[in-house]
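Student: Sharing a structure below in structure tokens format, with a few things to ask.
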Amino acid sequence: MNAWVINLAGIAVMMLIVWWFWLSRPQARRASGAGAIEIIVDNGVYTPARIEVPAGKPVTLRFVRKDPSPCAEKALFDELGISADLPVGKPLDVTVTPPRPGEYEFTCQMRMYRGTLVAR
Ligand SMILES: [Cu+2]
């Protein structure tokens with residue numbers, strides 16, 4: 001392989017990483033009245049990563065962490081002042097109340113995992 005091909009491959013990989021972590025917008029999942037919303041924590045993504053919830057009402061998020069790497073160990077809701085330690089393989093319920101309509105980000109401590117609560 002010549003250097004030109006290697007450079008091109010490198011750029012393609014970088015673009016894929018940028019897209020994966022910052023640009024991809026998974027489908028929003030809407031909270032259905034009762035029960036917890038399950039969020040799988042695995043492979044660097046929260047699934048679902050975009051969740052619609054009603055503003056001003058408590059909503060329970062059930063984090064199911066499958067990724068054992070330390071990167072996945074916390075779920076932080078900066079604007080809501082919530083920090084949760086996620087056990088591996090054991091669901092953890094986190095109840096949050098978005099005070100106003102708007103978007104509330106939740107992330108791991110390194111901001112590699114990223115999710116958004118959309119309060120309406
Ligand atoms: Cu992380």
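Student: I need a count of the residues in the range 75-92 that are over 21 Å from Glu52 (Cα atoms) and buried (at least 16 other Cβ atoms within 10 Å of the Cβ). It would help to see each step written out before you state the result.
Tutor: Going through the range 75-92, the residues over 21 Å from Glu52 (Cα atoms) turn out to be 85-90.
From what is left, the residues that are buried (at least 16 other Cβ atoms within 10 Å of the Cβ) are 86.
Looking only at that region, the number is 1.
Student: Write out, first by first residue and then by second, each pair whose Cβ atoms fall under 6 Å of each other, whose residues are 6+ apart or on separate chains, and whose first residue, in the range 59-77, is under 17 Å from Asn43 (Cβ atoms) while the second is more than 9 Å from the ligand (Cβ to nearest atom) and among the basic types (Lys, Arg).
Tutor: As it stands, the answer is Ala72/Arg65, since those pairs meet every condition given.
Student: Ok, one more. Within the range 93-120, track down each residue that is in a strand (DSSP E or B) and either crowded, with 16+ Cβ neighbours inside 10 Å or within 16 Å of the ligand (Cβ to nearest atom) (or both).
Tutor: Residues satisfying the conditions are Val94, Val96, Tyr104, Glu105, Phe106, Thr107, Arg114, Gly115, Thr116, Leu117, Val118, Ala119.
Student: Looking for whichever is surrounded by 12 or more Cβ atoms within 10 Å (Cβ to Cβ), over 16 Å from Ile39 (Cβ atoms) and at pLDDT 95 or above here; the options are Ala72, Ala55. Which one fits?
Tutor: Sole residue among the options that is surrounded by 12 or more Cβ atoms within 10 Å (Cβ to Cβ), over 16 Å from Ile39 (Cβ atoms) and at pLDDT 95 or above: Ala55.
The values are calculated or read from the model by the stated rules, or taken from the named source; none is laboratory data. Being a predicted model, the structure only gives us computed values, none of them experimental. Note that each Cβ is placed from the backbone with ideal geometry, even for glycine, and that neighbours are counted across all protein chains shown.
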